[in-house]
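The values are calculated or read from the model by the stated rules, or taken from the named source; none is laboratory data. All of these numbers come straight from a predicted model, not from anything done at the bench. Using ideal geometry, Cβ is built from the backbone for each residue, glycine included, and neighbour counts are taken over all protein chains shown. Surface accessibility is based on the protein's heavy atoms, side chains included, excluding ligands, DNA and RNA. Shrake-Rupley method; radii C 1.70, N 1.55, O 1.52, S 1.80 Å.
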Amino acid sequence: MNDLRKIVILTGAGISAESGIDTFRSEGGLWEQHKIEDVATPEGFARYPELVLGFYDMRREALAKVEPNAAHYALARLEQEFAGDVLLVTQNVDDLHERAGARHVLHMHGELKSALCGACEMRSGWNATLSDRPPCPICKAPMLRPDVVWFGEMPYQMERIYAAIREADLFVSIGTSGAVYPAAGFVRDAKDCGAAALELNLEASDGSAWFDESRLGKASRLVPEWVEQILRP
Ligand code: BJW
């Protein structure tokens, strides 16, 4: 593509798999060990708060022990070296894109290292546990929850994401199963607005037929290869 100026990239759990973070729907993944409706819904949190807070404490602790992989670094390089615009939209709650050096990342499903207060609704950066019910740094109420988006809740930054998709020349989806909306619908939105669409995934995703091209394999190989192709055509 010669007149490529605006790229929107959607990432999912697959990009962090090779860093050692479990995906959700794979064999042995997070949802084999925990029921989705127990730990990823507001109803589950209301019913089993200790289970949910403990689940996210465990994942926050595990995050401190892993590192970005070649795919995260390649996207950070693309953001720095590409002459046009690159917007990185991630469904992941880890901070591996930022730790690899990416600066423009929208976390549409929230972040593990942020806490949301159920009383004052303010966010606070968070590195400690939540299961011991610490007070909110702002209003002091002991009502903090993980600042993540559960099923039935509105994902973050949707206006900015849709605005970027409307303008995009190229939409790239990396390491996501295409099982969860609205992210799963971005490829159709992008195609409707005239963008080309490329999928980089270990296996074909649910929405694979919508992409102009699907490259199958591990993100740590496919993503650096694709970035090289964009930067040195
Ligand atoms: C590799 C790899 C390697 C492995 N290299 N690849 C329309 C139709 C039907 C239902 C709905 C609909 N719209 C909304 C809904 C309801 C619902 C929904 O989608 N339900 C589905 C079950 C059908 N959606 C919602 O409720 C959302 N809210 C909402 O829609 O609000 C209203 C709204 C309307 C209109 C516009 C805007 C809003 C909220 C969804 C919240 C999702 N939350 C979670 C938990 C976040 C916190 C946490 O991390 O715990 O987000 S669920 C979980 O799934 C998490 C993920 O971000 C998300 C997606 O998972 P992902 O990343 O795709 O992971 P996997 O495991 O599924 O796939 C990994 C992939 O990687 C696989 O393909 C592997 O092959 C691949 N892979 N290794 C490359 N090395």
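Observations on the model:
- Where a residue in the stretch 51-71 is within 12 Å of Gly20 (Cβ to Cβ) and assigned to a loop (DSSP other than H, G, I, E, B) and its partner, wherever it lies, is among the hydrophobic types (A, V, I, L, M, F, W, C) and open to solvent by 10 Å² or more (accessible area, probe 1.4 Å), with Cβ under 7 Å and at least six apart: Val66/Ile21; Pro68/Ala100
- Across the stretch 163-174, the qualifying residues are those that are open to solvent by 10 Å² or more (accessible area, probe 1.4 Å) and touching a strand residue (DSSP E or B) at 6+ places or on another chain (Cβ under 7 Å), and the one among them that is nearest to Ala204 (Cα to Cα) is Leu170.
- Any hit, the stretch 104-111, residues being under 24 Å from Pro233 (Cα atoms) and either open to solvent by less than 60 Å² (accessible area, probe 1.4 Å) or not assigned by TED's automatic domain parsing to the domain that holds Phe186 (or both): no
- Of all the listed residues (Lys65, Lys6), the sole one being more than 11 Å from the ligand (Cβ to nearest atom) and either of a type in the set (Asp, Glu) or in contact with a strand residue (DSSP E or B) (Cβ under 9 Å, 6 or more places away or on another chain) (or both) is Lys6.
- Scan the stretch 181-195 for residues that are away from the ligand (no atom under 11 Å from the Cβ) and either surrounded by 23 or more Cβ atoms within 10 Å (Cβ to Cβ) or not acidic (Asp, Glu) (or both) and the total you get is 7.
- Out of Ala62, Ala13, Ala17, Ala74, sole residue that is more than 21 Å from Leu202 (Cα to Cα) and of a type in the set (Gly, Ala, Ser): Ala62
- Residues being open to solvent by 30 Å² or more (accessible area, probe 1.4 Å) and among the aromatic types (Phe, Trp, Tyr) - total across the stretch 207-233: 1
- The condition (being more than 13 Å from the ligand (Cβ to nearest atom) and surrounded by 16 or more Cβ atoms within 10 Å (Cβ to Cβ)) is satisfied by just one residue among Leu198, Leu202: Leu198.
- Only listed residue being of a type outside the set (Gly, Ala, Ser), away from the ligand (no atom under 11 Å from the Cβ), assigned by TED's automatic domain parsing to the domain that holds Val89 and surrounded by fewer than 18 Cβ atoms within 10 Å (Cβ to Cβ), chosen from Arg123, Arg160, Arg133: Arg160
- Among the candidates Ala219, Ala183, Ala209, Ala204, residue that is assigned by TED's automatic domain parsing to the domain that holds Thr90, closer than 17 Å to Gly110 by Cα and small (Gly, Ala, Ser): Ala183
- Among (1) closer than 22 Å to Gly20 by Cα; (2) touching a residue at least 40 places away in the same chain (Cβ under 8 Å); (3) within 18 Å of the chain's Cα centre (by Cα), the one test that Pro224 misses: (3)
- For the criterion of being assigned by TED's automatic domain parsing to the domain that holds Ala71, in a loop (DSSP other than H, G, I, E, B) and open to solvent by 50 Å² or more (accessible area, probe 1.4 Å), Gly178 fails.
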